[in-house]
Each structure stands twice: as C-alpha cells, then as structure tokens.
1. Going by the structure shown, is ASP36 over 19 Å from PHE156 (Cβ atoms) and charged (D, E, K, R)?
2. Got a number for residues in the stretch 309-336 being open to solvent by less than 70 Å² (accessible area, probe 1.4 Å) and in contact with a Pro (Cβ under 7 Å, 6 or more places away or on another chain)?
3. Read through the list (1) among the hydroxyl-bearing types (Ser, Thr, Tyr); (2) more than 25 Å from ARG15 (Cα to Cα); (3) open to solvent by 20 Å² or more (accessible area, probe 1.4 Å), then give the number of the only condition that TYR344 fails.
4. Only residues that are crowded, with 23+ Cβ neighbours inside 10 Å, near the ligand (Cβ under 9 Å from one of its atoms) and not small (Gly, Ala, Ser): list them for the stretch 221-248, please.
5. From the residues in the stretch 33-54 that are assigned to a strand (DSSP E or B) and closer than 17 Å to GLY179 by Cα, which one is least open to solvent (accessible area, probe 1.4 Å)?
6. How many residues does the stretch 189-238 hold that are in a strand (DSSP E or B) and among the small types (Gly, Ala, Ser)?
7. In the stretch 173-201, what count of residues is obtained for those that are within 16 Å of the ligand (Cβ to nearest atom) and either β-branched (Val, Ile, Thr) or under 12 Å from the mean Cα position of the chain (by Cα) (or both)?
8. Only one of SER7, SER57 is open to solvent by 10 Å² or more (accessible area, probe 1.4 Å) and within 23 Å of VAL96 (Cα to Cα); which?
Amino acid sequence: MSRFASSQAILVQCRAGFEREAAEELERRAARNDLDGRAHAKAGDAFAIFEFDDGISWQDAQKAYASASLCFGRQSWPVMARIDALPDRDRVTPIVDALKALRTAVGDVVLEYPDTNEGKKRSGFCKRFAEPLINGLEAAGLYKPGVRKTPTLFLFFPDANAVLIGLGDPRQASPWPMGIARLRMPREAPSRSTLKLAEAFQVLLSAEERDRWLRAGGKAVDLGAAPGGWSWQLSHHGLRVIAVDNGPMDKKLLDEGLVTHLREDGFVWRPKGAVDWLVCDMVEQPSRIATLMADWFLQKKCRHAMFNLKLPMKKRLAALDQCKDIIRSRLKDIPINLRFKHLYHDREEVTAYLTRLDTR
Ligand SMILES: C[S@@+](CC[C@H](N)C(=O)[O-])C[C@H]1O[C@@H](n2cnc3c(N)ncnc32)[C@H](O)[C@@H]1O
C-alpha cells in the first residue's frame, strides 16, 4: 500500500469515452493553480487521475478541483491512499488501517466504482460493503457522523481488488455517488430528454437559484422544443412556455394550457419582451448555438439560459473553447456567469447555464 498524509492526486469520474477531455481539464486546472504533476487516463475507464508532484492538503486540492467547477468530471475528490491488493476475505481491515495512518475520523462513507459495464459488477458489492465498513470504522473510533468539519470517506474501486481512498468535504463533491443524478422518468413527460433538463437544473443551479428562478408565473422560451420534454419540465415548475419548433408537440402537454406552440425558425424568432428563461436543445453546430445564446442576452431577451452544445467527437475541447470565447467576447460588457457540465444524461453534448449577474 502506498499512503500519504497529504493528498497526492485528484480522481475525477466521467462518461466512458471522455477520459482524454477529463484529463486535459485536470491539467489545465493544475496549470491555473500552479500545481505541478501529470494526468493519467485510459480510454474506456470512465475516470482520470491527476498526480501532484508534491502533496497538498486535501482541503486545498478539493478547492482547486471542486466537482461543480469541472465540465467533464462528474465527481471529483482528493486521493489520500491506494491499495492494490485488497484481500478477498477481509477488505475492511486494510481500509481502516489506511485511515488510522491518516489520523482522521470520517463522518460519512461514499462507495463508488467506474460507470462502465465492468465497473457495474461492483455495484452490489458496494451496497453490501457499506455496513461492515462502517462497523469497522466505528470499532476503531474513526466514525463520527454529525461532527462538524469531519470529512467524508470516499472509496473508488477501479477493479475488484484495488481501492482509491479519498477524503473530502461532501459539499465540494457531487451530491450523488459517482456524480450520477438518479432521476425518475416522469410517466407523462413527452420525451426522455426531459431528464436532461431536470438534471441540468439540479447540477448547474444551487437550491437557492432553483427556488428563486424556477417560479410559477415565470416566462420561458424553448427553442427546438418538439416533442416537448423540456417544455414539460418548465411548465411543471409553473412557467408559461413558448415552444418553438417546426415539428409536432405532444398534444396532452399543449392541452394543459401552459405551453404555446409556434412553428418558427428558432434561429430567427424572438419574443416581443424579455423572458425569464431561454432553453435550447436544437441540434446544430455548437458555435451557431453559442452565438444565438449570446445574441439573446445582448438583445436583453432573457435573464437565464440553459442550452446544449453538441461537440464534434474529435475536437470536443477545441469546440467548447470556441463557444466560451464566442459568448465571453460577445458579452464582454455584461457581467455574466457561465457554467458547463457534461451531464449523466448527456452523450456527445455538454449542457451550459448562462445568466446575467446584474439582473439577480
Ligand atoms: C433533440 S430535439 C429536441 C427534444 C426536446 N428538447 C424534448 O425534450 O422533447 C431537437 C429539435 O430541434 C428542432 N429544430 C432543429 N432546428 C430547428 C430550428 N432552426 N428551429 C426550430 N427548431 C429546430 C427539431 O425539429 C427537433 O424537434
């Protein structure tokens, strides 16, 4: 076992196939924070690791790599130790010993595994392992739930006999194990992509922002709305929605009365006044979508926008950088907040949230 008093690495989990982007994001973040080291990732593993040349405290490591601030990393936390040959019969003792060596108690335990077909074989084990692990930690005096500032113990099993051991503040990590928002598909929603907007609201907005901005009586525009999964989400928060699409909308949703369908071109149509929300799921070149979103803000047509950028497979980061540049340069005179996340329900696209800071 290798073991460190300070954090030696950051682990991020991502969608399988996006390891290169996750690793590059880690390297860029290290450069920005003057942290030396290198990223490691293998295609298909659904995770990437950045190893620091010099250990830093887990608090500083987590601050530099907070889950919410990463796009391709769904979940991130500082790695404190790694065990490569966990015995089959007793996996608890080596993990408890590693924590003893770190001289810290923990307030909670999160068990994770790669989001791959191979990794999923460990889902049952992780469920069963939590109880004996907590018992082992309790017996060693290392389990202190409810004690302020006590870190959470994160465990990640890259294979059946290896474990990465991490510590972190749960508020800086994703609130969902593995960064996967498990959302139930609403039976009446017209399409599965309703889950994407539901996840975007959960992941890209804070609870306070949701309460404040997803209010009944608000107005929204949904570009590329058919058959209506995103409009359904908005209307179920009580917002009135103008759904723009040449394709047919779900009749039942229109009958509910909050959604009005316009057969118009989403790149051309604009509302007369301003709306609270603009959402856009049109599948188009990302630079075109980024330009359109920025224009709505320049023309003061919306306060907040949630939109998808479909990234070309071979140049995902370059395309994303271009979109950020377009938005930031077009809106250089307006204070904005721009957030990106490769959501669990996203595939080749990432989801963005853009808001004006002077209208809050
Ligand atoms: C991925 S689907 C949207 C799914 C929708 N968000 C839902 O939840 O049901 C993309 C939609 O964009 C529409 N679209 C593409 N180009 C458009 C344009 N220029 N103007 C309006 N709609 C457009 C398509 O007709 C298609 O219905």
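1. yes
2. Number satisfying all stated conditions: 4.
3. It is condition (2) that TYR344 fails.
4. ASP222, LEU223, TRP230, TRP232, GLN233, VAL244
5. Checked the stretch 33-54; the qualifying residue least open to solvent (accessible area, probe 1.4 Å) is ALA48.
6. The number of residues fulfilling the criteria is 1.
7. 5
8. The match here is SER57.
The values are calculated or read from the model by the stated rules, or taken from the named source; none is laboratory data. Since we're looking at a predicted model, the values are computed, not measured. Please note: Cβ atoms are built from the backbone with ideal geometry, for glycine as well, and neighbour counts cover all protein chains shown. For the accessible areas, the whole protein counts, side chains as well, though only heavy atoms, and no ligand, DNA or RNA atoms are used. Shrake-Rupley method; radii C 1.70, N 1.55, O 1.52, S 1.80 Å.
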